[in-house]
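As structure tokens, the structure follows; a few thoughts come after it.
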Amino acid sequence: MADRVWDTPEVTGWRRVTAHAVRHDLDEPDRRLPLDGTWRFQLLDNPSSPIGDDWASILVPGAWTMQDAGGSDLPHYTNVTMPWPGAPLLLPEHNPTGVHERDFDVPAAWAGRRVVLHVGAAESVLFARVNGVDVGLGKDSHLASEFDITAAVRPGEVNTIRLTVVKWSDASAIEDQDQWWHAGLTRSVFLYSTASTYLGDLRVVAAANGSLQVDVRVLTTGPVLPEGWRVTATLDGRPVPLDTAHEQEQIDVDRVSDWWAEPRFSTVVPDVVPWSDETPSLWTLTVVLHDCDGAESDRTTTRVGFRDVEISGRDLLVNGVRVMIRGVNRHDFDPRTGRTATASQMRADLVLMKRYGFNAVRTSHYPNDPVLLDLADELGLYVVDEANIEAHDHAHEIADDVRYLPAFVDRVARMVSRDRNHPSVIIWSLGNESDYGANHDAAAGWLRRADPTRPLQYEGAIKDNWTGGLAGSDIVCPMYPSLAQIVEHARSGSQNRPLIMCEYSHAMGNSNGTLAEHWAAIETTPGLQGGFIWEFWDHGILQRLSDGRPAGPASASFWRDGAVESGYRWAYGGDFGDTPNDGTFCADGLVFPDRTPKPAMDEHRELASPIRLSDAGDGQVRIVNRGSFRSLGWLRAVWELDGQRVPMTLPDLGPGQEAVVPIPSGVGGPGVEQWLTLCVAVGRDQPWAPVGTEIASPQIQLRPALPAPARTGGTPAEVDDDGLLVHPAFAVAPRLSLWRAPTDNDRIGGQAERWRRLGLPDPERRVIAIRRESDRTVVDAVYETSMGPVSHRQTTHLFGNIVFVSEEVTLPDGLDDVPRVGTVLQLTAGFDEMSWFGHGPRDTYPDRHVGGPVGEYRVRIDDAFTPYLRPQESGGRHGVRRLRMTGPDTPSVELTMDQPRQTSVTRFTAADLDQATHHDELTPRPESVVHLDAAHRGLGTASCGPDTLPEYLVNAGTYRWEWTLS
């Protein structure tokens, strides 16, 4: 370590085994020795600190920042800024260095064999030592480092391994992703053994027409390859013949060296089902190396999917078909371990994605655990495989810095060498947010030569109005463009390649507004082909409130009834004393840290429905198969009408085909609002869902509601001296509300601060006049804002026990883009359930309600609120016609709106939510806080990306609404 290779970017590794696609981590137990478990551990102040005699214990794999053994070195969250100031190679003097050590026994049977140490991932620089011998070093926190330790181990004896990990290094500057900084051994560690002559690498190219080419590299540790050794290959047990023409060519051009050989196998498999997201058909390829006596010396297996990927003009084609990319970005993440995830956890991630209509994953912003690609192959997800390169804080300098040239090429090359045989990988990515320079072009050049079968992309290369940068990107992959931008580009006549957004619709808190508008444009505009939502996970870390530390990998169940167990909370940037930090910006996922889907997932599920429903007139419905490769035979469905389910048989439609079918019988009489829903479920077991799993519920309105008849007469309602309505059900009387607890988008996008300056949270109210007429009470008031007074007229009258309320509000010119205009009131304690007719069952908002079918719903009021990691506006239901609150000892209260309105019922006021930074700071009120909105601003995604569309803004003007209470 005296040479300080941890701050020398030209050094990417030392004595590291060349990256390869041959998998040894799944081979027979007698050839593999797991080293996961409890290790001895010391945390040093920096790489030069001496190792002492006091050892703690640590779990491997696992980041020390998530374990008590890590001491004061806790998780640190930044988005762009590096955790220390200055140039990237001016590393901090305090540079935590973890020494991991354990003893292990090497089987005596491994004597004379090659022994390899596999370290799945180490953040950020790894030094490996066995029995006191330095065996290698590696950089790249998200790819494995392997070292040939044959000369250092003693088979049949106790051996000692020491893995030292340095946290901060030159590599940190190109691993500056938007995520928590951790440190340690975050993927599995094991040994594997081969003979001295072994299968070194494997390359498979399998096309949709059934053609198969398998290139095998045989290596030896000796001076020359032994004579008489041979390789055989089988596909699902059937022999794949050796390509003798290739063998003769090798001899003719002298391409077979003394110490490696490359036999090629090729065949054409008849009647293959091409691999795709809808038909993930896989074959098992087995390659065996035989010694000169014919005995098996080495073997490897891989699963093969026959498929084509190509770009034709402005279209990305899979198996000759233009496919829509309904993608999501994903990190390796777990709220208790940080980066370490098990195979079952990764399967749960992808299963959830499939059930909610996603068909693609971008491995942001590094190669994910290799198990994820196995699962994507099996379950059917397209993958954009991204190199571990992000120089965000120093992007401009590093993109052309020759010192980092080896790292750029090394990281791309090792990713491709590891993952090239996966059919799920359809696009390579050169990394993320690292400007664009010569280092990218060098990596792209290596990649294009090494794997011409796939396109590559890099957002930084799409300069010059998205038409340039062809050397670095085959795809226009912009980040958070506006809807107008992508449509304009597609219609400009200058588009020269597919447009697939690498990031769009930032899922931070209560977010993902206008997804429906995005997909309406994508599906109707040639040249637009989808994109990847940012992102899958909320990166909240489970934190113990007792001591402020991460709960750690040993924590038991921590999520109960929709809330973190008492004594814990979800932590975000700054909660571990980490400075600088970017606060809640890490809580930007479609699922909570425990993988519970947020309501925005419902929106995506409906927009990705495999069946589209529309009214065809004359008592008929049009059904469209939106799939790309298969008929509707894998689905089953039932009609749902007025709460009743009616059997139906789906028509036999091929991809893109449509049919008109009659609506079911049982339609109600005139004037009754009626919605027809098609409940779509899996009809044949899928690898990601059993029969009966519901995956969509497209809906059409058959009959609109008639407007409520005008009421005249009655008696004046009672108001107090301040003109506020008096009723025994009110704990707090109705008032005008112009404010909502800021969403993350409101807060980070800047709207919340502007609304505060306008005085919207609690504007002063002045009563102008109170008039009691023969049949009604009229109250005129104004609410003072910095843009002038907001006039408010409330007219109330009674019919028996029913209160009728009419409201009119005028926002002055200049008071544009406010969060809401509506009524807020609090009902007395005792109500514990709410039911409504409108969109549901979960949160819906004006620009995000396609995922909430219209119907009758019931929920506990305590469960009506969605606990986004930072408290904010939540619990809204769009298009509500009537709302009822009930309790065991309280008369029910029903609120009816004059037309579908945005409403919410929670236990929190907007001020309660605004003042809290975490949910452990909130105390639910016994009262029910009710909002009835004439208008409510859309959600948008302005924390990162475009805000909501103009039609979802609440601007100056006059608003009128009516409601009744009974």
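Derivation of every value follows stated rules applied to the coordinates shown; laboratory data play no part. Just so you know, these numbers come straight off a predicted model, no measurement behind them. Quick reminder, even Gly has a Cβ in these numbers, built from the backbone with ideal geometry, and neighbours come from all protein chains shown.
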- [ ] Compute the distance in nm between two label points, each set 7 Å from the Cα along the Cα-to-Cβ direction, one at Val273 and one at Thr234.
- [x] 2.3
Open item on the list: In whole Hz and in residue order, list the ³J(HN,Hα) couplings for region 573-586 that follow from phi through the Karplus curve 6.51 cos²θ - 1.76 cosθ + 1.60, θ = phi - 60°; x for Gly and Pro.
Closed with: x, x, 6, 10, x, 7, 9, x, 8, 10, x, 7, 5, 7
Open item on the list: Checking the a/c ratio against 1.5 first, then a/b against b/c, what shape does the Cα gyration tensor give for region 843-892?
Closed with: oblate
- [ ] Could you list which residues have their amide H under 5 Å from that of Thr823, counting only those 5 or more apart in sequence or on another chain, with H placed in the peptide plane?
- [x] Ser737, Leu932, Asp933, Ala934
Task: Translational diffusion of region 715-965, µm² s⁻¹ [Kirkwood Rh, Cα pairs; Stokes-Einstein; 37 °C; 0.692 mPa s] - done: 178
- [ ] Starting from the alpha-carbon convex hull of region 22-126, give the projected area averaged over all orientations, in nm².
- [x] 9.8
Open item on the list: What does the charge count around Ser966 come to, taking other residues whose C-beta lies under 15 Å from its C-beta (Lys +1, Arg +1, Asp -1, Glu -1)?
Closed with: +1
Open item on the list: Suppose R0 equals 51 Å. What FRET efficiency, 1/(1 + (r/R0)^6) with r the Cβ-Cβ distance, do Ala731 and Asp54 give to the nearest 0.05?
Closed with: 0.30
Task: Nearby lysines by direct alpha-carbon distance to Lys139 (threshold 23 angstrom, same-chain neighbours under 8 apart not counted) - done: Lys167
Open item on the list: Amide H of Asp298 versus every other amide H placed in the peptide plane: which residues, excluding those fewer than 5 positions away on the same chain, fall under 5 Å?
Closed with: Leu289
TODO: Compute the length gained on full extension between Arg860 and Val133: take 0.36 nm times their separation in residues and subtract their Cα-Cα distance, giving the result in nm to one decimal.
DONE: 255.4 nm
TODO: For a quick protection proxy, order the peptides 509-522, 297-310 by their average other-Cβ count within 10 Å, most packed first.
DONE: 509-522, 297-310
Open item on the list: For Asn159, what residues show an amide H to amide H distance below 5 Å, using hydrogens built from the backbone and excluding near sequence neighbours?
Closed with: Phe104, Asp105, Val106
Open item on the list: Give me the one-decimal nm value for the distance between modelled label points at Asp642 and Asp762, 7 Å along each residue's Cα-to-Cβ direction.
Closed with: 5.0
Open item on the list: Whole-Hz ³J(HN,Hα) for each residue in region 587-599, computed from phi via Karplus 6.51 cos²θ - 1.76 cosθ + 1.60 with θ = phi - 60°, x for glycine and proline: what do you get?
Closed with: 9, 10, x, 7, 10, 5, x, 8, 6, 5, x, 7, x
- [ ] Treat each spin label as a single point 7 Å out from the Cα along the C-beta direction, and report the Thr693 to Glu397 distance in nm.
- [x] 4.8
Task: In Hz, Karplus ³J(HN,Hα) per residue of region 695-707 (6.51, -1.76, 1.60; θ = phi - 60°; x = Gly, Pro) - done: 10, 6, 8, x, 8, 10, 8, 8, 9, x, 7, 6, x
TODO: May I ask you to work out the translational diffusion coefficient for the chain at 25 °C, viscosity 0.890 mPa s, via Stokes-Einstein with Rh from the Kirkwood sum over Cα pairs, reported in whole µm²/s?
DONE: 80
Task: Tensor-based shape of region 469-524 (alpha-carbon gyration tensor, a/c under 1.5 rounded, otherwise prolate or oblate) - done: oblate
- [ ] Name every cysteine in the chain that ends up alone, with no second cysteine's Cβ under 4.7 Å, or say none.
- [x] Cys292, Cys586, Cys679, Cys944
Task: Around Leu760: net Lys/Arg minus Asp/Glu count, Cβ-Cβ under 10 Å - done: +4
Open item on the list: At a 10 Å Cβ-Cβ cut-off, how would you order Asp140, Asp7, Asp271, fewest neighbours first?
Closed with: Asp271, Asp7, Asp140
Open item on the list: Can you tell me the convex hull volume per residue for region 5-194, based on C-alpha atoms, in Å³ to the nearest whole number?
Closed with: 117
Task: Peptides 823-832, 260-269 ordered by average Cβ neighbours within 10 Å, highest first - done: 823-832, 260-269
Open item on the list: Per 0.36 nm of contour for each residue apart, how much would the distance between Ser614 and Leu89 grow if the chain were fully extended, relative to their Cα-Cα spacing?
Closed with: 183.0 nm
Open item on the list: Let me make sure I get this right: for region 610-697, a, b and c are the square roots of the gyration tensor eigenvalues over alpha carbons, sorted descending. Under 1.5 in a/c it's rounded, otherwise prolate if a/b > b/c, else oblate. Which is it?
Closed with: oblate
Task: Relative compactness, region 223-352, computed as alpha-carbon Rg over 2.2 N^0.38 Å - done: 1.47
